[in-house]
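Heads up, the thing below is written out as structure tokens.
The values are calculated or read from the model by the stated rules, or taken from the named source; none is laboratory data. What you see is a predicted model; the values in this text were computed from it and never measured. Neighbour counts run over all protein chains shown; Cβ positions are idealised from the backbone, glycine included.
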Amino acid sequence: MNNSLVFRREIEVLLKDGLHMSPLSQINRLACAFSGPVSIARDEFIADAKSMLDLLQLNAVKGTMLVVEASGEQAQELVEGVARLMSGAPADGGPPGPSQHAD
Amino acid sequence: MLVKRGIAVSPGLAIGPALVLGADVFRIPERFVSVDAVDSELARLNLALDGACREIEQNERLAAEHLGEQYGAIFAAHLQLLRDPKLVAEIVDLVTHKHFSPEYAASFVLKRYARQLQNLGNKYLAERVHDLFDLERNLLRHLLGERRGELEHLTEPVIVLAHNLTPSETAKLNRNFVRAFATEVGGHTSHTAILAGALEIPAIVGLGTFLTDISGGETVIIDGDQGEVIIDPDAATLAEYHEAETTSRRKRAQLRSRGQGEAVTQDGVRIHVYGNIEFPEEAEHCRERAADGIGLYRTEFLYLGEHKERSEEEHYEAYCRVVKTVGDRPVVIRTLDLGADKVPGMLKHMFADAMNPELGLRSIRVCLQDLTLFRTQLRAILRAAVEGDVRVMFPLVSSLTEVRQARMILRDVVEDLEDQGVPFRRDVPVGIMVEVPSVAIRAEEFAREVDFFSIGTNDLIQYTLAADRSDPAVAKYYNSADPAILKLIRMVVTAASDARIPVTVCGQMSSDVKFVPLLIGLGLRHLSVTPQAVPVLKDVIRNLTITRAEEIAARVADFEVARDVESYLRGELKKISPDAGL
């Protein structure tokens, strides 16, 4: 994989309560640990995923379509991890947590 | 220009830039920092951010341990919010480029985010606003906390403005840089006020809410004589005060030189004027002003600010320093008068549940309960007495039993010292403070058991008139000139004179010059006052005759209310010593 590689994916929020503090917190942690830039866009608004305050403003409820974009080494894995969190599954690909199931 | 009036508690004039200390409710000093302060302000911001983050981490651990992981997660999210690189960058940018103060910048940015969240129309997100406000408070507390810490690291003169200063904060004020202070709360005889007098810096308390109007850094004039704070004075006022400052300094120097020598009335009666001190260094202030000794040495200073037990050597050294400074003049050492507002850590448990601390376990009552504390101090006093004319005085006595108990412990200490072959003085005179009405009422009986009296008017007034001396809401009920107080003083003086024991007045009342002719007329020959007041008092005494003083005392006996007494005394003072009122 090469550093300039940009990976982008459109994801629908499946969490029953939308992107609450807890999943946002996990997404933010994932993004902060990632070496390159990570953004999540909702229409015109583009949130820097390393900023919790930006993420909160996505105002993402169940069914909101978001575009997650990351660039750098292992950008794809990062985006997949974020997608899993938005669908209520743990970032590492395990089974969904009981309180965050996608109904 | 804004002028506020408060209670003048320590005289003098000072002009300088304001340093605002935050209250528990955070007011944002909406102010800008100077360009060259940007770096130090950013450093302060970083310290505060680190501190706030550490605190959240601690809360996270505690919550996770005691309440469960999901609660810990709330704080984890807070931590992420506060470490948000965008947030921090925006605050830093406002400080760097717009020269906002970190407090204002932090509040500005967090409030803007809060507004944005509120406007999203999402109920859940709108509630997250409270999390942001929480962070704002947390950060401000750390910023303002740092500011308080700055008090100890001042590098240039300031005027301290605060909601309140605790006695220990006041004691720690750096006299080289803190030119004056003013607080929103506090009364005439609060310990903070007494300390201000002791530090000899102009101070005004009880100003009421005024910090909201001040951002810090403005030029402020503190007129400690009139009790006025002038914020952002116009050029004419500033010039006027600069001139007044010079004049006042000159007048003080003049008074000081006139203060030398004994105070004798025009008809040849010697009046002893002693100094009240709190810190050993103040003994020097007394010596400079030719005070006749130390009439009240408050020994609590050792416990201010430091929450630890003090050793006998620490007491001994402090006392020796005072005794050596004043030479062969008397030093009256008052045993610990620890009360609710100056409790060292090790005694906190005793005060924890006091509903009404002024009527609770304080002063001699603490000493009689904590005998180790008491004995340690008594040993140090008896040992220091070898060096000069030391006398020991017990505060807040309310019954004969306490006097007897205290004297018994003193005898025990004497025996111990004797057994151990430690040098000490055996015949140290023992006196009591007369500051509880029960003692004034039975002064005759008490006079038979002690070597001297010292009337502590501050507490005597508070307990007689049932008015908390530190509560501005009842300040009008707290009145030195109340006929009941004057009657009690008369009773005590009569009892002392019948028993042929000396009696001194050592409360704030004797430092108020207008009361001096009255007190002398009532038969007092010993007054103990804040060191600053010694020269003024001597000046008044030298312009007075005993006959005139007695006429004044007789006339005052006819008045029915405090206000009439006060205005009469003020008028008389003008006739006796036109300059004395400042």
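Some notes on this structure:
- Of the residues making up region A:25-61, just one is more than 12 Å from chain B (Cβ to nearest Cβ), touching a Gly at 6+ places or on another chain (Cβ under 6 Å) and crowded, with 16+ Cβ neighbours inside 10 Å, namely A:36.
- Near pairs, Cβ below 8 angstrom, 6+ apart or cross-chain, from region B:298-317 (aliphatic (A, V, I, L, M)) to any residue that is at pLDDT 75 or above: B:302/B:310; B:302/B:314; B:302/B:315; B:302/B:318
- Count - residues of region B:88-127 that are within 8 Å of chain A (Cβ to nearest Cβ), crowded, with 23+ Cβ neighbours inside 10 Å and not hydroxyl-bearing (Ser, Thr, Tyr): 1
- Screening the candidates B:271, B:221, B:231 for the property of being farther than 30 Å from residue B:321 by Cα and surrounded by 21 or more Cβ atoms within 10 Å (Cβ to Cβ) yields one hit, B:221.
- Looking across region B:57-87, just one residue is away from chain A (no Cβ under 13 Å) and within 17 Å of residue B:136 (Cβ to Cβ), and that is B:59.
- Lone qualifier among B:485, B:501 - being in contact (Cβ under 8 Å) with a residue 12 or more places away in the chain, in contact with a strand residue (DSSP E or B) (Cβ under 6 Å, 6 or more places away or on another chain) and among the aliphatic types (A, V, I, L, M): B:501
- Subset of region B:317-340 (residues that are within 14 Å of residue B:290 (Cα to Cα) and assigned to a loop (DSSP other than H, G, I, E, B)): B:327, B:328, B:329, B:330
- Any hit, region B:478-498, residues being aromatic (Phe, Trp, Tyr) and part of a helix (DSSP H, G or I): no
- Across region B:392-436, the number of residues qualifying as of a type in the set (D, E, K, R) and touching a Gly at 6+ places or on another chain (Cβ under 6 Å) comes to 1.
- The residue that is nearest to residue B:82 (Cα to Cα), counting only those in region A:62-92 that are crowded, with 18+ Cβ neighbours inside 10 Å and modelled with pLDDT under 90, is A:91.
- Residue match in region B:140-158 (condition: modelled with pLDDT of 85 or more and under 24 Å from residue B:532 (Cα atoms)): yes
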